[in-house]
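The values are calculated or read from the model by the stated rules, or taken from the named source; none is laboratory data. None of the values given here were measured: they were computed from a predicted structure. Glycine also receives a Cβ, built like all others from the backbone with ideal geometry; neighbour counts cover every protein chain displayed.
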Amino acid sequence: MVKIDRGKGYPKMLAKTSSEFKRRISGMTTKEAYEFYVKNKKREGFKYKTDETRRRFKKINYGRCSFCTKIISEFDDEMTVEHIKIKRDYPSKIFEWTNMLCACRTCNNKRGTRAFDSAKYLDPTKIEDIDKYFSYRLSGEIVPNDRLSDEEKGKAQYMIDMYKLNRRTLINERRKFMEDLMQDEAFYNLLKKKEYENAHIIFLSLFTYYKKQRTASYNQIFGA
Ligand SMILES: [Zn+2]
């Protein structure tokens with residue numbers, strides 16, 4: 001996971017939908033409000049995945065999933081909206097921009113409807129140094145960074161488990177990337193200079209790679 005900057009301002013249409021929805025569910029219990037949403041979303045046009053939110057997510061996420069950080073191909077069709085606080089338990093937050101993250105279909109499905117734990121959930125739009133929580137093994141596995149406190153490690157593990165960030169395809173892709181890096185002379189020399197075994201350096205390299213990719217995809221998307 002990497003830091004995501006939500007940018008300025010609240011998507012306008014979403015703000016309208018949110019306040020209208022809150023008006024309609026006011027006085028209802030959580031259960032009633034959720035049932036109201038399920039029953040009326042189509043008829044009343046209560047939508048959070050709109051052109052407006054898609055555009056915003058494409059921009060702030062550079063076309064990537066907030067969790068596995070892979071580029072979402074066919075972004076407009078394939079992106080999904082992940083609710084940090086799930087809809088069933090927090091119906092009043094269904095249309096809140098700050099409760100929404102962009103996810104690939106797989107990460108979204110992996111979480112399913114698992115409840116939100118405020119003591120453990122790492123929100124990449126709120127935690128400035130979120131990348132420090134994770135480190136990568138040469139095997140392609142993502143693991144909590146060794147240098148963290150036990151509490152922080154618990155949070156990292158919670159996110160890895162919740163979104164199944166060690167699923168087979170991701171491990172294979174990361175390992176392939178590590179192998180490519182290892183064959184890169186310049187990179188190899190850099191590692192040698194800075195202690196080959198240092199997991200943190202490997203992480204930094206991986207991050208730099210993702211950063212570069214991110215810039216590339218940004219250019220692709222926006223033609224900058
Ligand atoms: Zn994903």
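Criterion applied to 146, 76 was being of a type in the set (Asp, Glu) and either free of Cβ contacts under 8 Å to residues at least 12 places away in the same chain or not assigned by TED's automatic domain parsing to the domain that holds residue 20 (or both), and the one residue passing it is 146. Report, by residue number, each residue of region 164-175 that is over 17 Å from residue 145 (Cβ atoms) and not hydrophobic (A, V, I, L, M, F, W, C). Passing the criteria: 164, 167, 168, 169, 172, 173, 175.
Close Cβ contacts (under 8 Å, 6 or more residues apart or on different chains) running from residues in region 51-71 that are assigned to a loop (DSSP other than H, G, I, E, B) to residues that are more than 12 Å from the ligand (Cβ to nearest atom) and of a type in the set (Phe, Trp, Tyr) comprise 62/218; 63/75; 63/218; 69/210. So is residue 32 charged (D, E, K, R) and under 19 Å from residue 165 (Cα atoms) or not? Considered against the rule, which asks whether it is charged (D, E, K, R) and under 19 Å from residue 165 (Cα atoms), residue 32 comes out as no. The number of residues in region 109-136 being of a type outside the set (Val, Ile, Thr), buried (at least 16 other Cβ atoms within 10 Å of the Cβ) and touching a residue at least 60 places away in the same chain (Cβ under 8 Å) comes to 7.
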